[in-house]
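Let me begin by presenting the structure, written as structure tokens, before commenting on it.
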Amino acid sequence: MKILVIEDEQRAAEYLRQGLTESGYVVDVALNGTDGLHAAVTGDHDLVILDVMLPGVDGFAVLSALRTARQIPVLMLTARGQTNDKVRGFDLGADDYLVKPFQFPELLARVRALLKRGKTTVTDLVQRVADLEVDPIRHRAVRAG
Ligand code: CA
């Protein structure tokens, strides 16, 4: 799984890169919005971690431009207490939100959840109870085959 981190603060970016790499992800880092957007649109990442506070093209602008180009899970990062940022992020199509400073395990849990959601296929949606299968996509229920 490949993750793109868009974060201008070197130390924060390096912290994310190191932690995610140690968790088994392949990580690319972009240190500004312009490079980040380019990488997100042209790359083959499975998830984008996007800081709101970026110089020049900020996180909202990146998200908004990215959403018109590609559907890819986006986890946004922002400073504490910016509820408006949170709402704006969701309005623009962010998939999840994390407030800085955060605990790395929480970030990791959210990353895993987003990647899992992105991979959900039709067969994952079939519900099984004993010998009964209910398929909400095909509107079909089958007992014992
Ligand atoms: Ca930043």
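The values are calculated or read from the model by the stated rules, or taken from the named source; none is laboratory data. Here the structure is a predicted model, which is why all the values come from computation and not from measurement. With ideal geometry, Cβ positions are generated from the backbone for all residues, glycine too; neighbour counts draw on all protein chains shown. Note: accessible area is taken over every heavy atom of the protein model, side chains too, but ligands, DNA and RNA are not part of it. Shrake-Rupley method; radii C 1.70, N 1.55, O 1.52, S 1.80 Å.
Quick look at the values:
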read-out: FRET efficiency, 1/(1 + (r/R0)^6) with R0 35 Å, evaluated for PHE90 and VAL129 via beta carbons; value: 0.55
read-out: Positive-pole candidate from ILE49, VAL129, ALA65, dipole of the range 11-145, charges at beta carbon; value: VAL129
read-out: Relative contact order for the range 1-111, counting Cα pairs under 8 Å that sit 6 or more residues apart, in percent; value: 23
read-out: Solvent accessible area, Å² - SER64, 1.4 Å probe, full protein context; value: 50
read-out: Rule-of-thumb Rg ratio for the chain [Cα; 2.2 N^0.38 Å; N residues]; value: 1.22
read-out: Reciprocal mean inverse distance between Cα atoms of the range 1-49 - Kirkwood radius, Å; value: 10.5
read-out: The chain - mean residue ellipticity at 222 nm from DSSP helices (-39,500 (n - 2.57) per run, n ≥ 4, rounded to 500); value: -12500 deg cm²/dmol
read-out: Carbon + sulfur, % of accessible area of the range 43-119 - ligands and nucleic acids excluded, 1.4 Å; value: 52
read-out: Accessible area (Å², per residue) of the range 43-110, counting only protein heavy atoms and a probe of 1.4 Å; value: 47
